[in-house]
Amino acid sequence: MVKKSTVIGTTFTAVLLLLSVIISASTNSRSTQQPVREVASTEQSNIQQHITTFIGPITESFHTALISQVTHTGVGAYYNEFSTAPENGRNLNIYISNNGTGTVKFDVTRNGEQLETVDVAAGSGKLRSFTELAASAVGLSGDWEVYVYTTDGTAMNLNVNALQY
């Protein structure tokens, strides 16, 4: 009888210990999620942008194509949206090659914040490069929008690429 009550007592104690470990782990995992959200919300101001003018085809290849070799023609604006993921790298390049006869406007928005508008002259292109500078960030994250349009109604002939690496 003593052995049976000892086994029951030991089993009961083990179950209580196991439940306390599970509850503790569950509580800890919830509390560690909060700092991740706080870091993500501060990353918006930690990017650096470079704008480069180029002539000729785009010949670079990178790890993740977010917009891949799109050709857009006509008078209607070009629009696309995509998301970058930290595991794909700290850098993003967005290329617009203007093969048309008029100047186009090149807008980029990140997480709802519109960045400066850049003019792309006929027969040239612009490369907008973004780099994540936050030391605590694994890579570049965000929701991006690319919008290219004319102000004078000239037909467009564009090549568009967005690549993260």
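The values are calculated or read from the model by the stated rules, or taken from the named source; none is laboratory data. Since this is a predicted model, take the numbers as computed values, not measurements. Cβ coordinates were reconstructed from backbone atoms using ideal geometry, including for glycine residues, and neighbour counts include every protein chain displayed. Protein only, heavy atoms only, side chains kept; ligands, DNA and RNA dropped before computing areas. Shrake-Rupley method; radii C 1.70, N 1.55, O 1.52, S 1.80 Å.
Listing for the model above:
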quantity: Per-pair calculated FRET efficiency, R0 = 35 Å: ASP152 and ALA85 via Cβ, rounded to 0.05; calculated: 0.40
quantity: Cα→Cβ-extended label distance, 7 Å offset, between LYS105 and THR117, nm; calculated: 0.2
quantity: Probe 1.4 Å, all protein chains present, accessible-area order of ARG90, ARG110, largest first; calculated: ARG90, ARG110
quantity: Summed side-chain charge close to TRP144 - residues other than TRP144 whose Cβ falls under 9 Å, Lys, Arg +1, Asp, Glu -1; calculated: -2
quantity: Residue-normalised accessible area of the stretch 46-165, expressed per residue, 1.4 Å probe, Å²; calculated: 48
